[in-house]
1. For residues that are open to solvent by 10 Å² or more (accessible area, probe 1.4 Å), of a type outside the set (D, E, K, R) and assigned to a loop (DSSP other than H, G, I, E, B), tally how many sit in the stretch 155-165.
2. Can you pull out every residue in the stretch 316-329 that is part of a strand (DSSP E or B) and either modelled with pLDDT under 95 or closer than 13 Å to V34 by Cα (or both)?
3. More than 19 Å from N29 (Cα to Cα) and either in contact with a strand residue (DSSP E or B) (Cβ under 8 Å, 6 or more places away or on another chain) or of a type outside the set (G, A, S) (or both): is that true of Q319 in this structure?
4. What single numbered condition from (1) of a type in the set (D, E, K, R); (2) free of Cβ contacts under 8 Å to residues at least 24 places away in the same chain; (3) assigned to a strand (DSSP E or B) fails to hold for D295?
5. Check N265, N224 and return the single one that is open to solvent by 30 Å² or more (accessible area, probe 1.4 Å), closer than 19 Å to G330 by Cβ, in contact (Cβ under 8 Å) with a residue 12 or more places away in the chain and not aromatic (F, W, Y).
6. Would you mind finding the one in A332, A252 that is surrounded by 16 or more Cβ atoms within 10 Å (Cβ to Cβ) and at pLDDT 95 or above?
Amino acid sequence: MAKLIVLTLLGMGLALFKNHQFSYQTRLNALREVQPIELPNCNLVKGIETGSEDLEILPNGLAFISSGLQYPGMKSFNPNNPGKILLMDLNEEDPTVLELGITGSKFDLSSFNPHGISTFTDEDNAVYLLVVNHPDAKSTVELFKFQEEEKSLLHLKTIRHKLLPNLNDIVAVGPEHFYATNDHYFLDPYLRSWEMYLGLAWSYVVYYSPSKVRVVAEGFDFANGINISPDGKYVYVAELLAHKIHVYEKHANWTLTPLKSLDFNTLVDNISVDPETGDLWVGCHPNGMKVFFYDSENPPASEVLQIQNILTEEPKVTQVYAENGTVLQGSAVASVYKGKLLIGTVFHKALYCEL
């Protein structure tokens, strides 16, 4: 009888493992390949070789780019050096990148590991850059003031909080006010790996202000990119491993109410919003298995989606760019400026194209 119970439990465990393995491969879109969609006059951005995971374009065409991310379990082409923030002027005929100097006596440059970024411009036209940072595998938000003439960032403050343990992306709604995604619930690397493998969907979105911090949305299978509509009424959240983008209504007290969700056949990463049209531009991973388990002989592909009229009953989704990894590996973000498209990657290069 004891042997029968043991065999039954083993059989149940094996079946459960196989089910989770199938689910895991499905969530990672492990079998998908892309058909290339090219754009005219695409050029790799000189000076970016170790990632351009997130980017933000100001109305005047200056683009901030976070580079050098070292994320647990992900490929890095420069694992022994700190990350950096790059500046690119998209008004130039052949734009190049410049590394922004960082000033501020209390900021540790040696452990700088930038991830998601967001800007906020106040009434005096002062530009603040908020950066998700992972020093020593922890999570902080670094607040900088952009000094345009000096081409530098002045570090003002480091923000830490128990509800910001596993930060991924951020959208600023004030100099020290923001929404942010936590892509995992657990801090322990072992538990994080099981959380992701089992698809526990325990990650969440937080609203932060100096006076109050709270969870405003939860139940995500790897919450990732986040952004806000030009009128400030709606917040968009990418759920990477569920292949969804969620739309939330934002209220005066900063709480969020779910409105709708869109499903995709790709892993949606960072979301950029066109300030003029309100269109969403999304950097995507067609096959997540290739991103999380990197093989230089079979590199991850890149894909960019444009979503128009997302608040209507029938949003229009267009696959604008797709490439199998020979040019651009692991696209994480895409944003537009005056008919040009800038595409960034988790750990690889960046591409600048005409639309």
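1. Taking the stretch 155-165 and keeping what is open to solvent by 10 Å² or more (accessible area, probe 1.4 Å), we get 155-158, 160-163, 165.
So of that shortlist, the ones also of a type outside the set (D, E, K, R) come out as 155-156, 158, 161, 163, 165.
Now narrow it down to the ones that are assigned to a loop (DSSP other than H, G, I, E, B): 161, 163, 165.
Total meeting the criteria: 3.
2. The first filter runs over the stretch 316-329 and keeps only residues part of a strand (DSSP E or B), leaving 316-323.
Matches in the stretch 316-329: Q319, V320, Y321, A322, E323.
3. Numbers: more than 19 Å from N29 (Cα to Cα): no; either in contact with a strand residue (DSSP E or B) (Cβ under 8 Å, 6 or more places away or on another chain) or of a type outside the set (G, A, S) (or both): yes.
No; evaluated as a whole, the condition is false for this residue.
4. Among (1) of a type in the set (D, E, K, R); (2) free of Cβ contacts under 8 Å to residues at least 24 places away in the same chain; (3) assigned to a strand (DSSP E or B), the lone unmet condition for D295 is (3).
5. Working: N224 fails: open to solvent by 30 Å² or more (accessible area, probe 1.4 Å).
Going through N265, N224 in turn, the sole match is N265.
6. Values: A252 fails: surrounded by 16 or more Cβ atoms within 10 Å (Cβ to Cβ).
Going through A332, A252 in turn, just one is surrounded by 16 or more Cβ atoms within 10 Å (Cβ to Cβ) and at pLDDT 95 or above: A332.
Rundown of residues vs (1) free of Cβ contacts under 8 Å to residues at least 24 places away in the same chain; (2) in a loop (DSSP other than H, G, I, E, B); (3) out of contact with any Phe, Trp or Tyr (no Cβ under 6 Å at 6 or more places or on another chain), yes/no style:
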residue: T26; (1), (2), (3): yes, no, yes
residue: N41; (1), (2), (3): no, yes, yes
residue: P72; (1), (2), (3): no, yes, yes
residue: N78; (1), (2), (3): no, yes, yes
residue: L87; (1), (2), (3): no, no, yes
residue: F107; (1), (2), (3): no, yes, yes
residue: S118; (1), (2), (3): no, no, yes
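The values are calculated or read from the model by the stated rules, or taken from the named source; none is laboratory data. Everything numeric here is computed off the predicted structure, so don't read it as measured data. Because the Cβ atoms are built from the backbone with ideal geometry, glycine has one as well, and the counts that use them run over all protein chains shown. Only protein heavy atoms, including side chains, enter the accessible area calculation; ligands, DNA and RNA are left aside. Shrake-Rupley method; radii C 1.70, N 1.55, O 1.52, S 1.80 Å.
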